[in-house]
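A quick write-up on the structure given underneath.
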Amino acid sequence: MSIEFTPYTPARRYLLEIAYDGSAYCGWQIQPHSPSVQEVLQTRMTKLFDRQPIHLIGASRTDTGVHAQRFAATFLTPERPDIPPERIFKALNRQLPPDIKIRSIREVPLTFHARYDAVGKAYTYVLNSGELSPFSARYSWKPIHRLDPDRIRAAAAVLTGTHDYSSFVVERAMIDDAVRTIYRIEVREIGNFCTLTFVGNGFLYKMIRCLMGTLEAAGSGALTPEQVAAILAGKDRSLAPDTAPPNGLFLMKVFYDEAERNGYEPEGLPFLL
């Protein structure tokens, strides 16, 4: 893997794990006329490195309003100033706004790539069966109909495995290959909340939210597992229910080790971690 261009000789590459509340941002990636998480971080980091431009490469993109607990991104540093990783960690967390924080930092090989070296990701979506509050509404989706977690589990079993997920992706024409593997979908009940954690080798644009629209319909009894299987086999987005809103979705972890991916366990409600 080639090293991206920098106006300086790169000395080291670091891998960051980043937590952020996506409510105020257009997503991870820099966009014209809208604030992004990448832009906020790069501005602080460039200042930290004596105005030498720091460019972050993210493991993926997140949509407007989607949150993250351990988003992954890498960056190259110049030879000078030579700032130890623990100082980078502390300095960034002092300067960043409250809705963005660094969870960890470690050095990786110069040729490491945040996206292409990843072997999987975990996302958690939060459903709310209780009363909405200004706080729960920010981090969960309250469907209109009452949901049965066992019906959700039955439908989720149909959607796991290696499949063409064309029925669950927005802008399918812009994607060469819609085949992905979902290793498991874990459904857990935590008080008034129900969490669905998806662990897979990769996910398409808005794929989790599209899957959640269908799983919500299955949980309400509007779709049977057999109908969900037919939607999956149809490879047509128009066959599936509407896309779920972004506020209930959290990117939980990007994996660079298969054993870590295979052993990953959801930790509870993601907005309380």
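A few comments on the model shown:
- Close contacts from segment 245-270, counting a first residue that is free of Cβ contacts under 8 Å to residues at least 24 places away in the same chain and under 20 Å from F193 (Cα atoms) and a second that is open to solvent by 30 Å² or more (accessible area, probe 1.4 Å) and hydrophobic (A, V, I, L, M, F, W, C), with Cβ to Cβ under 9 Å and a gap of 6+ residues or different chains, come to E267/L273.
- Lone unmet requirement of (1) closer than 28 Å to G202 by Cβ; (2) in contact (Cβ under 8 Å) with a residue 12 or more places away in the chain; (3) assigned to a helix (DSSP H, G or I) for R44: (1)
Every residue, every condition in (1) open to solvent by 20 Å² or more (accessible area, probe 1.4 Å); (2) more than 19 Å from P266 (Cβ to Cβ); (3) out of contact with any Leu (no Cβ under 7 Å at 6 or more places or on another chain), yes or no:
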{"site": "D176", "(1), (2), (3)": "yes, yes, yes"}
{"site": "I185", "(1), (2), (3)": "yes, no, no"}
{"site": "R188", "(1), (2), (3)": "yes, no, yes"}
{"site": "V199", "(1), (2), (3)": "no, no, yes"}
{"site": "C210", "(1), (2), (3)": "no, yes, yes"}
{"site": "A217", "(1), (2), (3)": "no, yes, no"}
{"site": "G221", "(1), (2), (3)": "yes, yes, yes"}
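- Listed by position, the helices (runs of 4 or more DSSP H) enclosed by segment 68-174 that each have at least 1 residues that are open to solvent by less than 50 Å² (accessible area, probe 1.4 Å), free of Cβ contacts under 8 Å to residues at least 24 places away in the same chain and more than 18 Å from L249 (Cβ to Cβ) are 85-95.
- Subset tally (residues that are open to solvent by 20 Å² or more (accessible area, probe 1.4 Å), out of contact with any Pro (no Cβ under 7 Å at 6 or more places or on another chain) and at pLDDT 95 or above) for segment 20-33: 4
- Every residue from segment 230-248 that is within 20 Å of the chain's Cα centre (by Cα) and in a helix (DSSP H, G or I): P246, N247, G248
- Only a single criterion out of (1) of a type in the set (G, A, S); (2) open to solvent by 30 Å² or more (accessible area, probe 1.4 Å); (3) in contact with a Gly (Cβ under 8 Å, 6 or more places away or on another chain) is not satisfied by A244, namely (2).
- Check on L251, within 15 Å of the chain's Cα centre (by Cα) and crowded, with 16+ Cβ neighbours inside 10 Å: yes
- Which listed residue is loosely packed, with under 15 Cβ neighbours inside 10 Å, of a type in the set (F, W, Y) and over 24 Å from L204 (Cβ atoms), from F5, F49: F5
- For segment 179-221, the set of residues classified as more than 19 Å from A122 (Cβ to Cβ) and touching a Pro at 6+ places or on another chain (Cβ under 8 Å) consists of G213, T214, E216, A217, A218, G219, S220, listed by residue number.
The values are calculated or read from the model by the stated rules, or taken from the named source; none is laboratory data. It should be emphasised that the depicted structure is a prediction, and the values quoted were computed from it without experimental measurement. Because the Cβ atoms are built from the backbone with ideal geometry, glycine has one as well, and the counts that use them run over all protein chains shown. Accessible surface areas use protein heavy atoms only, side chains included; no ligands, DNA or RNA. Shrake-Rupley method; radii C 1.70, N 1.55, O 1.52, S 1.80 Å.
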